[in-house]
Amino acid sequence: MRSPNSAVTSRWPCASPATGCSAAPRGAPTTWPTGSPPKNCGSTGSPRGTCTSSSAFALSYAQLTPDLRLLFRRLALVPGPDFGSALGAVLTGLSPRRTEQSLDELVELGLLIPTTGDRAAFHDLIRLYAADRLRDEETAEDIRAARTRMNEWLLHTARAAGQWFEPDHTPPPGTSAVPHSRRAAREWLEDEGENWFAALRDAAAHGRHTMVVAVAESMHWYAHWGIFWGHWPEVFALSATAARELGDPRTEAAQLNQLAWSLQLFLGDSAASERRALQAERLAGQAGDQVQQAWALAHAAHAAAAKERFEDALAYGDGAVELFEREDDKAGRAQALLGTAHDLLALARPREALDRLRQLPALVTDPARHRTGTSRTTSRRTPGAPSASPTPASATGRNPPPPSRP
């Protein structure tokens, strides 16, 4: 994104609301595409000092090329605070190269504000004007089609980006994955975070339950990377509701486990986390999924420990250990054992805690553990997944378990 060029902006009176309606260069002809000046620009037709903001924007807009006008209007559909050329290309159908050039031109003309990297944003007043132009110049069908195209691209790209964080992920053969690497995926998810989240909300509002669950599932591993992004509890609340609407108790249990994890980790809401975890445990039991039951009890244990209810935490944790052992889930069992050791220490029972810890080396050095966490159809997760938290741990130093794999 190039910085604004004064040589260019001098040819465009009224391009910036910060300067009002400045005069064109001395001696330069004042041309009005409609043959007459905009309203409120003075009886002489001179734009000097008398234009309203709307008239100022209208003058600049009228002198844009058709492609620039199209991009300017369609960018008003973007729900988030900023955008890049890829999203502009999706909205307009212009080539990526042409869209990038057009975005630069709109910045140079003062109609967009450069933000970070190659991204740009509207000034609030100009965004309102762009939305007015969109409503006045395009049909409802065209607007709806552009918005649908944008949301589809955001959701499908978000899903593909999230999958890059799964263990041993490789793009399917014969496809051109977007983004093309884990680093690019992380950058895209961060840059477009507010936009794909808005698209997810829209999908939920329109009953696209399968899509909502699919996107949330793809974020399972990435959520540990983007721990300071503030929307994870809502993402997993939407997916849990969507799974319930689909009538799939096992998937609902998995999404409730994700929700329980995020409520504790990001909001510190132990009561809500424990409630959702126990709801997941019941649903998983109905579905016969003992691994999801085990993860639910592990989340409930952490929520109880955060409230210093260590006896309850230990009971939940022991239940999780037993279920993980039945399923031969070494990764989950190691997590649960570590949690119960913390609980026992908090209860001043150090010998029992040590007994639990002595079981861990055999679990974390067993090569079989590497088979966990890789299947998209199981809940198993490797014990080495990061579990950093922006919220304080409990007094015992007990870290939250990772979210269960749907």
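Counting other C-beta atoms within 10 Å, and keeping those with at most 15, which DSSP coil chymotrypsin sites (Phe, Trp or Tyr not before Pro) do you find in region 182-288?
228
Could you tally the net charge around residue 120, taking each other residue with its Cβ under 9 Å from the Cβ of residue 120, Lys/Arg +1 and Asp/Glu -1?
Once positives and negatives cancel, what remains is -2.
With the Cα gyration tensor of region 174-331 in hand, convert its eigenvalues to equivalent ellipsoid semi-axes via √(5λ) and list them largest first in whole Å.
28, 17, 16
Ordered by residue, what ³J(HN,Hα) values in Hz, to whole numbers, does region 230-238 give under the Karplus form 6.51 cos²θ - 1.76 cosθ + 1.60, where θ = phi - 60° and Gly and Pro are x?
With coefficients 6.51, -1.76 and 1.60, one gets x, 9, 4, x, 6, 4, 7, 5, 4 Hz.
Taking the solvent-accessible surface of protein heavy atoms with a 1.4 Å probe, what is the per residue accessible area of region 56-119 in Å²?
About 34 Å² of surface per residue is accessible.
On the protein heavy atoms, probe 1.4 angstrom, tell me the percent of accessible surface of region 76-130 carried by carbon and sulfur.
That fraction is 56 percent.
In Å², what does the accessible area per residue of region 278-345 work out to with a 1.4 Å probe?
Accessible surface, normalised per residue, equals 36 Å².
Between residue 145 and residue 355, what is the FRET efficiency for a Förster distance of 60 Å, r being their Cβ-Cβ separation, to the nearest 0.05?
0.40
Just the Kirkwood number for region 165-235, please: inverse of mean 1/r across all distinct Cα pairs, in Å, one decimal.
After inverting the pairwise mean of 1/r, the radius is 13.2 Å.
Please report the equivalent ellipsoid semi-axes of region 269-325, computed as sqrt(5 x eigenvalue) of the Cα gyration tensor, largest first, in whole Å.
Values for region 269-325, descending: 18, 13, 6 Å.
If you stretched the chain out fully between residue 98 and residue 194, how much longer would it get, using 0.36 nm times the residue separation minus the C-alpha to C-alpha distance?
32.1 nm
What do you get for Rg/Rh over region 220-275 if you use C-alpha atoms and the Kirkwood form of Rh?
Over the Cα atoms of region 220-275, Rg/Rh equals 0.97.
If you scale each eigenvalue of the Cα gyration tensor by 5 and take the root, what three semi-axes come out for region 96-250, rounded to whole angstrom and sorted largest first?
30, 21, 15
What do you get for Rg/Rh of region 262-357 when both radii come from the Cα atoms and Rh is the Kirkwood radius?
In region 262-357, Rg relative to Rh is 0.97.
The values are calculated or read from the model by the stated rules, or taken from the named source; none is laboratory data. Predicted, not measured: the structure shown is a model, and the values here were computed from it. Virtual Cβ from ideal backbone geometry, glycine too; neighbours counted across all protein chains shown. What goes into the accessible areas is simple: the full protein's heavy atoms, side chains included, and nothing from ligands, DNA or RNA. Shrake-Rupley method; radii C 1.70, N 1.55, O 1.52, S 1.80 Å.
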